[in-house]
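Inspection log for the structure reproduced underneath, given as structure tokens.
Coordinate-derived values only; no laboratory data. Quantities reported herein were computed from a predicted structural model and do not represent experimental measurements. Virtual Cβ from ideal backbone geometry, glycine too; neighbours counted across all protein chains shown.
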Amino acid sequence: MTESVSAEIPVSAGSRPRHVAIIMDGNNRWAKARRLKGVAGHKAGVKAVRSVVETCAREGVEVLTLFAFSSENWRRPEDEVSALMRLFLFALEREVKKLHRNDICLRIIGDRSAFSANLQEHMERAEALTRDNTRMTLVIAANYGGHWDITQASRKVAEKVRIGELAPSDITDDLIQQHLSIGDLPMPDLMIRTAGEQRISNFMLWHLAYTELYFSPVYWPDFREHEMSEALQAYAGRKRRFGQTDDQIASVSSEQ
């Protein structure tokens, strides 16, 4: 799925989100409540990923972005980070063939330089296998941060100005967007965060300008088909004005 996507704020949106982004929170607390080690929560979270991917694909969502590992998560205990890396590698080896069989394209965004060469190789292999799939795009944000994304896009644009390929006056919102990690995909319509926290934690800062936010009290390992369907239903009931009045929105709807 590659297209030219404008950074311009839209004037209307359908009742079904094209792009859903999720901050998968609460794995550690889920494990702690069961007197288990934190990694047990992350392992249980993989099952929730499967359920949510299946639900979104069935419901016609075009893009699903999952915040798997933030640039701040390196601050966690070393043994937990190591366990997360092993789990990530295991998931890539085991789940990618399932994605491919179901015509789902996998993309991984974030700064890969901090990952092992072996893990980076598996990322590239998984993306190559699923590149031409069209049913849905699954984006995994790993060692990702919204600040990093905007910074790396700005550096690319600045380099083009330095070599004379662009003039400063050529820099627009659309140009910056084209250089973001998923600048070719639709902006998120719905952002979900689980486990009761109500903040976006440096996730897709550019992209969430007009995204609907949905906060669930459910820990991520327990967030399955029912909870995902509830979030989609809640989104369908939202009135997205994009800075306009109700009368303007009604006029646009009547013309469609």
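Once each part is reduced to its C-alpha centroid, what is the distance from the stretch 160-200 to the stretch 81-146 in angstrom?
21
Would you pull out the residues with amide H under 5 Å of Leu213's amide H, same chain only if 5 or more places away, H placed 1.01 Å from N?
Met191
Treating only the Cα positions of the stretch 30-73 as identical point scatterers, give the base-10 log of I(q)/I(0) from the Debye formula at each q in 0.31 Å⁻¹.
-1.04
In the stretch 101-199, which GluC sites (Glu not before Pro) fall in coil by DSSP and have 10 or fewer other Cβ atoms within 10 Å?
Details: sites: Glu121, Glu124, Glu127, Glu159, Glu165, Glu197; in loops: Glu165, Glu197.
Passing both the DSSP loop test and the Cβ count: Glu165.
Enumerate the helices in the chain for which the Kyte-Doolittle hydropathy averages 0.0 or more and the C-alpha atoms extend at least 30 Å along the helix's axis, using complete DSSP H runs.
Numbers: long enough: 38-58 (31 Å, 0.21); 78-101 (35 Å, -0.18).
Those that pass (Cα extent of 30 Å or more, hydropathy at least 0.0) are 38-58.
When the chain is modelled as a GNM with alpha-carbon springs shorter than 10 Å, which of Gly45, Gly146, Gly60 fluctuates the most?
Gly60
Between Leu66, Leu166, Leu185, which gets the highest mean-square fluctuation from a Gaussian network model of the chain, Cα cutoff 10 Å?
Highest fluctuation of the listed residues: Leu166.
To the nearest 20 debye, what charge dipole does the chain have about its Cα centre, counting +1 at the Cβ of each Lys and Arg and -1 at the Cβ of each Asp and Glu? Can you show the working numbers first?
Values: 34 positive and 35 negative charges, 237 e Å.
Dipole magnitude for the chain comes out near 1140 debye.
Amide H neighbours of Ala195 under 5 Å, at least 5 residues apart or on other chains, H built in the peptide plane: list them.
Ser216, Val218, Tyr219, Trp220
What dipole magnitude, in Debye to the nearest 20, does the stretch 1-133 give about its Cα centre under +1 on Lys/Arg Cβ and -1 on Asp/Glu Cβ?
800
Enumerate the amide H contacts of Val139 below 5 Å, restricted to partners 5 or more residues apart or on another chain; note that Pro and chain-start residues carry no placed amide H.
Long-range HN contacts for Val139: Leu64, Thr65, Leu66, Arg107.
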